[in-house]
Structure formats: structure tokens, C-alpha cells
Amino acid sequence: MSVPLRPPVPLLAALFLALALLLTGCTSGSAPAKSPVGAPGQGAAGPESDAASVRLTSPAPEPSPAEIPGLGPQTRAEIPAEARQAFVVTGESVDANRSSAVLYAREDPAEGWAAVAGPWDAHNGMKGWTDHHVAGDLRSPTGVYTLTDAGGRLPDPGALLPYDEHPRFAVDGVGFFGEPLEGSFDYVVAINYNRTEGVTPLDRTRPLGLERGGGIWIHVDHGGPTQGCVSIPENRMEELLGTLDPAMNPVIVMGDAESLGR
């Protein structure tokens, strides 16, 4: 008896594949669609992924203009926009009569402030600083004030501000610690607290009234505290007078460190 022959195995596989294509159509052989970038279960895009190839590079941020160290937002806001010189006098504490002075300038507003002179040792009022200066309180007024006028007993050393040489700047007597006051007003710069701008520092007009004090100057240091002025060594006064430029609208920023940090 003859036994029918079975088709070879490869032939059977080919027949089954052809039958499957007829039943399912050609879509079953297409590549699976890509999942969206960032879909759950996917890792971060690698350097050769589609997402990496279209990532945009953000421009580097512009650097902020340099600010004067130690000044808080309230104090900075008091400095006029047109001021390009600032003489910053920082007291050791609200009740201290010793301080430090640095002159800052901003030649290029886009770059901000830079120190150009100092720090210099300085004195202020015998009892320190106050936000509300009154006559005789022996405290220096805190705040930001313009500087427009200079003068002194000695001839003009080369001041850029208008300079009034006058013998009435002579002074004698002794200070709080017995130190001689002679020569203290050889050079002065008027601080525009309770005074009229554009006149000699000797002018006694007091727009806020006599009770609010006045005659607050930067002057030559006599080795002790003042009655409310700021004092620096004589050679520093000469340097300051040769640097403060009315074209740069100079100001003084003065007070104890805590107050200036507000």
C-alpha cells in the first residue's frame, strides 16, 4: 500500500504565511508609529534624537549694572537718575561717630557703579546718625543729598565745583575730645541738607526752618567727631574737590550701615 507524501516543511511555512497575508492585509507589516516626545515611560531625548535636533539655544542674559555695595533698594531709589558720582559715607552704627567714605562713579550707566577713590577714614556727628536731624542733636542726617558748592579759608586747590574762598571759614576752639578745631574749614563742600543750592556754603538760608539745623558740610578732619558734619583728612578733601564734577551731578549718600541697607 502506498503512503501519500507530506509536503516539505519549508513549503508548509510558505503556505501559512501567504494565508496570513490574505486574512490581515498589508498594514500588519508596517513599522509601529513613534510615541510623542516626552510621552509617559520614555526617557529624556538623547543627543541624536529628533527632539535634540530642534532644540533652540537661548541667548545669554545681559549682566545687570553694578550696584553700590551696602545700599538697600530704598536708598538706591533716592539716588537721582542723573547722578553719576556718589560719595558714600557709612557709619559704623547708628550711635557711632566713626565712618568710612568711598567715592563711586558710573561713567557708563550700562555697566553701573565703580569705586574710584577710598575707602577713607571719616568722622560724623558726636552721637551718630538720625533720620530726623534737628539743631543741636549732635547727629548727622541720613539720606541722599546733592553736592553743588564748595569753599574754604584757603585758596581754591583746583575744585571743579564753584569755590568760595573767604576768611569767614576760619575757626578756632577745641572739639569734643579737646582737639584743636583750627583748619577744619580750610576746605569744605556744602551738603545740600536744609540749604539753598548754588550759593556759598556760608549762606544761612534754611528752607526747612532753623529748628531743623543746617550748615552740614564735608570738611577737614580735626581728629574727633563733629556736630553733624562729615570730616575727612585734608589731603582727601583736596582730592575730593578735584574730583567732584558738577557735570556728573554728584551726591552724598550718608548714614549708618543699617540705615543705608534699607
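Flag: residue 152 does not match the condition of being on the phi > 0 side of the Ramachandran plot and under 30 Å from the mean Cα position of the chain (by Cα). On the stretch given as segment 183-212, residues that are touching a Phe, Trp or Tyr at 6+ places or on another chain (Cβ under 8 Å) and within 21 Å of residue 143 (Cβ to Cβ) total 7.
Residue selection: residue 65 satisfies the criterion of being modelled with pLDDT under 95, loosely packed, with under 13 Cβ neighbours inside 10 Å and more than 17 Å from residue 146 (Cβ to Cβ). When segment 226-252 is filtered for residues that are open to solvent by less than 10 Å² (accessible area, probe 1.4 Å) and basic (Lys, Arg), nothing remains.
For the condition part of a loop (DSSP other than H, G, I, E, B), closer than 24 Å to residue 81 by Cα, modelled with pLDDT of 95 or more and in contact with a strand residue (DSSP E or B) (Cβ under 8 Å, 6 or more places away or on another chain), what is the one hit in 154, 161, 202, 240? Just one listed residue meets the conditions, 161. Please list, ordered by first then second residue, the pairs with beta carbon atoms under 7 Å, 6 or more apart or interchain, first in segment 142-155 and hydroxyl-bearing (Ser, Thr, Tyr), second open to solvent by 40 Å² or more (accessible area, probe 1.4 Å) and not in a loop (DSSP other than H, G, I, E, B). Qualifying pairs under 7 Å: 148/246. Within segment 176-188, is there a residue that is at positive phi and either at pLDDT below 95 or open to solvent by less than 50 Å² (accessible area, probe 1.4 Å) (or both)? Checking segment 176-188: at least one residue is at positive phi and either at pLDDT below 95 or open to solvent by less than 50 Å² (accessible area, probe 1.4 Å) (or both).
The residue that is farthest from the chain's Cα centre (by Cα), among those in segment 98-125 that are open to solvent by less than 30 Å² (accessible area, probe 1.4 Å) and among the small types (Gly, Ala, Ser), is 125.
Residue 248 passes every criterion in (1) under 30 Å from residue 73 (Cβ atoms); (2) in contact (Cβ under 8 Å) with a residue 40 or more places away in the chain; (3) touching a Pro at 6+ places or on another chain (Cβ under 9 Å) apart from (3). For residues in segment 155-186 being under 13 Å from residue 201 (Cβ atoms) and charged (D, E, K, R), which is farthest from the chain's Cα centre (by Cα)? Ranking the qualifying residues of segment 155-186, first place goes to 168. Residue 95 fulfils the conditions (1) open to solvent by 70 Å² or more (accessible area, probe 1.4 Å); (2) within 23 Å of the chain's Cα centre (by Cα); (3) among the acidic types (Asp, Glu) except for a single criterion, (2).
Within segment 243-262, being outside any strand (DSSP E or B) and not acidic (Asp, Glu) holds for 243, 244, 246, 247, 248, 249, 250, 257, 259, 260, 261, 262. The residues on offer are 255, 261, 223, and the sole one that is under 17 Å from the mean Cα position of the chain (by Cα), surrounded by fewer than 20 Cβ atoms within 10 Å (Cβ to Cβ) and more than 21 Å from residue 198 (Cα to Cα) is 261.
Name the residue that is surrounded by the fewest Cβ atoms within 10 Å (Cβ to Cβ), counting only residues in segment 189-200 that are out of contact with any helix residue (DSSP H, G or I) (no Cβ under 8 Å at 6 or more places or on another chain) and touching a residue at least 24 places away in the same chain (Cβ under 8 Å).
Once the filter is applied, the top-ranked residue is 198.
The values are calculated or read from the model by the stated rules, or taken from the named source; none is laboratory data. The shown structure was predicted, so the numbers you read here are calculated from the model rather than taken from an experiment. Cβ atoms come from the backbone with ideal geometry, glycine included; neighbour counts cover every protein chain shown. We work out accessible area using only protein heavy atoms, side chains counted, and drop any ligands, DNA or RNA first. Shrake-Rupley method; radii C 1.70, N 1.55, O 1.52, S 1.80 Å.
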